[in-house]
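Visitor: Before anything else, here's the structure in question.
The values are calculated or read from the model by the stated rules, or taken from the named source; none is laboratory data. Not measured: the values here are computed from a predicted model. Backbone-built Cβ (ideal geometry, glycine too); neighbour counts: all protein chains shown. Accessible surface is based on the protein model in full, side chains and every heavy atom, while ligands, DNA and RNA are left aside. Shrake-Rupley method; radii C 1.70, N 1.55, O 1.52, S 1.80 Å.
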Amino acid sequence: MSGPPPELIGTWVHSYEEDSPGVTVYRRAGYPLPPARGRRGLEFAADGTFTERPIGRGDAPGRRTGSWAPADQEGRRLALNFPDTERQLEVLHVDDQILEVRAPDGGRRVP
């Protein structure tokens, strides 16, 4: 197994302005995004910890921690595990500036 691309590790902020049908776009934390009331985020740690940062009450970021692991040989499908649920995420593209993902089933919301 080759594993996920090393560029995946880090904190990503939802750039909803760049989303397209079926594709959710994230930018590296610190990227100069336009002002917004709130933005979701994802964090992939090298130790397998996954943190989802949904938009919470009053547009403040929430925090939900679980784990992540490759779900295929190429490292393009990721299993996101939380105590109460498991989801998969397909990495369409990742480099040092942008992360493009989608839910593999095409219908569920990407975190």
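Visitor: Any chance you could count how many residues in segment 23-54 are over 16 Å from G66 (Cβ atoms), within 14 Å of the chain's Cα centre (by Cα) and either among the acidic types (D, E) or part of a loop (DSSP other than H, G, I, E, B) (or both)?
Guide: So the first thing to find is which residues in segment 23-54 are over 16 Å from G66 (Cβ atoms), and the list is 23-39.
The next check asks that each one be within 14 Å of the chain's Cα centre (by Cα); those that pass are 23-29, 39.
If we keep only those that are either among the acidic types (D, E) or part of a loop (DSSP other than H, G, I, E, B) (or both) too, we end up with 29, 39.
Qualifying residue count, segment 23-54: 2.
Visitor: Still on this model: Considering only residues that are of a type outside the set (A, V, I, L, M), open to solvent by 50 Å² or more (accessible area, probe 1.4 Å) and under 14 Å from the mean Cα position of the chain (by Cα), look in segment 55-72 and name the one that is modelled with the lowest pLDDT.
Guide: R63
Visitor: Within segment 1-21, can you find the residues that are surrounded by 12 or more Cβ atoms within 10 Å (Cβ to Cβ) and in a loop (DSSP other than H, G, I, E, B)?
Guide: P4, P5, I9, S15, D19
Visitor: A further question on this structure: Considering only segment 73-101, how many residues are more than 20 Å from Y31 (Cβ to Cβ), open to solvent by 60 Å² or more (accessible area, probe 1.4 Å) and either in a strand (DSSP E or B) or modelled with pLDDT of 85 or more (or both)?
Guide: Summing the residues that are more than 20 Å from Y31 (Cβ to Cβ), open to solvent by 60 Å² or more (accessible area, probe 1.4 Å) and either in a strand (DSSP E or B) or modelled with pLDDT of 85 or more (or both) in segment 73-101 gives 6.
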